[in-house]
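Here's the structure, in structure tokens; my notes come after.
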């Protein structure tokens, strides 16, 4: 089997207003305080205050809610885990928000009220942990890539067909974990002895869309708009008979990680949810959905 | 008619809430990055490609909206016939449905397995994931804005003036171009600008129907969405640019409407 990927990639710093940032403030050339400058400063102060106020207001009074931000490939599995959590703890409510991991990360960096972050890779959660926004992320599931093609007569019968001119391939974008795994999988397929050098470049020339999450890739294939798409094996399974799956040999392994977001409204409740995911019950549900 | 007397303080106060609410987020967009950095991020290949694609597609979509929408607006404004109300509602519908729903509808109609698309696909002409799909999404969402404005414009033209021109021997075609269109011009122009601005802000239908690929289907709005995930500064810069474009469009529309408006007796 293959080693998991840990690709570090560049991320922008969190945006902050000039009025609130000493780094930017010192870089501004010293000018005399003109009227417009004073006006601007007042505005910025007002903006910062407004932002702080709304940030406080966004926290709900009820402590019995866990807000879980999860990678979209976890959709079905986490819905089931959330239901199990709610059933086991009366009065507990789990709010799920699914999107591409990189979208969720940006939202958390910008102060979105999340309690638990479940990432489709290690890179994004480790970056949040480094920024002090996430307590130690732990690996809780593994997944592998697969190529899906529409059911019925399809233009792609084997992986080699992906490189044929005119084939429409849809992938996840370069910031999406699935997109980065795809790039790596293609690189490995282009190795000598596999599909040969140049394979990855020819496939990439066939890419017609870079979606913002892996489920959007899947739906483009299910609808028959794309001839093939790179998704996770679990996504392929969730689409059932509507797609046909081509195995990707020696594919990269996606490692999913989960952690409690710093400043969670109720850290204990968030911990309890993470515990369920890591525990026997949660692992059984994940396995049933095809995770390893 | 607007009164020249000073508005009462209470009215100012009541109005100010919404004004501040509108101003704050827009100001934030412009203030968060220093102007220099803003420009620098606008020069990124992603922003430039998205800008160029948006300019191209919205101009084509607006042109099509005018070409295809003018006869329809005239029909609705000047003739009464069975089913006119139904037609009128139908034309307004894209304004009220969520754009992403319009995108699904476009897929189901023109997608490769769609109602019409499956026949097009046999002919080798499939539109999904192409720049054509971007224009189609924009046309569907934006054209009703032009039709509505143009219809109101045609309705505001005094038919007696047209009749007078006819009695002087002008052909209906000539009357349309020399009497109706000039008199309806402010409405027509504001319809053009509204449709263009709506096409520029199109997101949901484009995302669904055209996909997201730099230089081909990644318009300004899709670039904001994509950049938001990896390069926040570029996302803010492109957002600020879109705000600027919208502002220019509005000011232009108001000026044109003012210059060409015809005082009526």
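Look through the stretch A:229-242, keep the residues that are in contact with a helix residue (DSSP H, G or I) (Cβ under 6 Å, 6 or more places away or on another chain) and closer than 15 Å to residue A:171 by Cβ, and return whichever of them is nearest to the other protein chains (Cβ to nearest Cβ).
A:229
What's the number of the condition residue A:142 fails, among (1) farther than 19 Å from residue A:267 by Cβ; (2) touching a residue at least 60 places away in the same chain (Cβ under 8 Å); (3) surrounded by 18 or more Cβ atoms within 10 Å (Cβ to Cβ)?
Every listed condition holds for residue A:142 apart from (3).
Test of understanding: among A:226, A:239, which residue is touching a residue at least 24 places away in the same chain (Cβ under 8 Å), more than 19 Å from the chain's Cα centre (by Cα), surrounded by 22 or more Cβ atoms within 10 Å (Cβ to Cβ) and under 18 Å from residue A:182 (Cβ atoms)?
A:226
In the stretch B:117-129, which residues are surrounded by 14 or more Cβ atoms within 10 Å (Cβ to Cβ) and not in a loop (DSSP other than H, G, I, E, B)?
Step one: list which residues in the stretch B:117-129 are surrounded by 14 or more Cβ atoms within 10 Å (Cβ to Cβ), which gives B:117-118, B:120-121, B:126-129.
Scanning the stretch B:117-129 gives B:117, B:118, B:120, B:121.
With the structure loaded, tell me whether residue A:253 is surrounded by fewer than 18 Cβ atoms within 10 Å (Cβ to Cβ), in contact (Cβ under 8 Å) with a residue 12 or more places away in the chain and within 30 Å of residue B:117 (Cα to Cα) or whether it fails that test. Give the steps one after another, and end with the answer.
Details: surrounded by fewer than 18 Cβ atoms within 10 Å (Cβ to Cβ): yes; in contact (Cβ under 8 Å) with a residue 12 or more places away in the chain: yes; within 30 Å of residue B:117 (Cα to Cα): no.
So residue A:253 fails the test.
Considering only residues that are part of a helix (DSSP H, G or I) and within 12 Å of chain B (Cβ to nearest Cβ), which ones fall in the stretch A:159-183?
A:177, A:179, A:180
With respect to residue B:82, determine if the residue is over 21 Å from residue B:209 (Cα atoms), at pLDDT below 95 and not in a helix (DSSP H, G or I).
Values: over 21 Å from residue B:209 (Cα atoms): yes; at pLDDT below 95: yes; not in a helix (DSSP H, G or I): yes.
So residue B:82 passes the test.
Has the stretch B:18-25 got any residue that is part of a helix (DSSP H, G or I), modelled with pLDDT of 90 or more and more than 14 Å from chain A (Cβ to nearest Cβ)?
Yes, the stretch B:18-25 has at least one match.
Being surrounded by fewer than 24 Cβ atoms within 10 Å (Cβ to Cβ), away from chain B (no Cβ under 14 Å) and not in a strand (DSSP E or B) is the requirement here; does residue A:136 meet it?
So residue A:136 fits the description; yes.
Can you list the helices (runs of 4 or more DSSP H) lying wholly within the stretch B:179-257 that have 3 or more residues being within 14 Å of another protein chain (Cβ to nearest Cβ) and either buried (at least 22 other Cβ atoms within 10 Å of the Cβ) or in contact (Cβ under 8 Å) with a residue 24 or more places away in the chain (or both)?
The helices (runs of 4 or more DSSP H) meeting that bar are B:204-210, B:220-227.
Can you name the number of the only condition in (1) within 12 Å of residue A:261 (Cα to Cα); (2) within 14 Å of chain B (Cβ to nearest Cβ); (3) in a loop (DSSP other than H, G, I, E, B); (4) in contact with a strand residue (DSSP E or B) (Cβ under 7 Å, 6 or more places away or on another chain) that residue A:113 fails?
Result: residue A:113 fails condition (2) only.
Within the stretch A:184-219, work out how many residues are out of contact with any strand residue (DSSP E or B) (no Cβ under 7 Å at 6 or more places or on another chain), away from every other protein chain (no Cβ under 14 Å) and within 20 Å of residue B:215 (Cα to Cα).
2
Out of (1) touching a helix residue (DSSP H, G or I) at 6+ places or on another chain (Cβ under 9 Å); (2) not in a helix (DSSP H, G or I), what's the single condition that is false for residue B:100?
Condition not satisfied by residue B:100: (2).
Identify all residues within the stretch B:107-116 that are within 11 Å of chain A (Cβ to nearest Cβ) and in a helix (DSSP H, G or I); write none if there are none. Reasoning before the result, please.
Taking the stretch B:107-116 and keeping what is within 11 Å of chain A (Cβ to nearest Cβ), we get B:107-108, B:110-114.
Scanning the stretch B:107-116 gives B:107, B:108, B:110.
So for the stretch A:147-154 (the condition being at pLDDT 95 or above, over 24 Å from residue B:122 (Cβ atoms) and within 16 Å of the chain's Cα centre (by Cα)), does at least one residue qualify?
no
Any residue at all in the stretch A:190-198 that's crowded, with 16+ Cβ neighbours inside 10 Å and more than 25 Å from residue B:131 (Cβ to Cβ)?
Looking for residues that are crowded, with 16+ Cβ neighbours inside 10 Å and more than 25 Å from residue B:131 (Cβ to Cβ), one finds at least one in the stretch A:190-198, hence yes.
The values are calculated or read from the model by the stated rules, or taken from the named source; none is laboratory data. These numbers come from a predicted model, not from an experiment. As a convention, Cβ positions derive from the backbone with ideal geometry for all residues, glycine included, and neighbour counts pool all protein chains shown.
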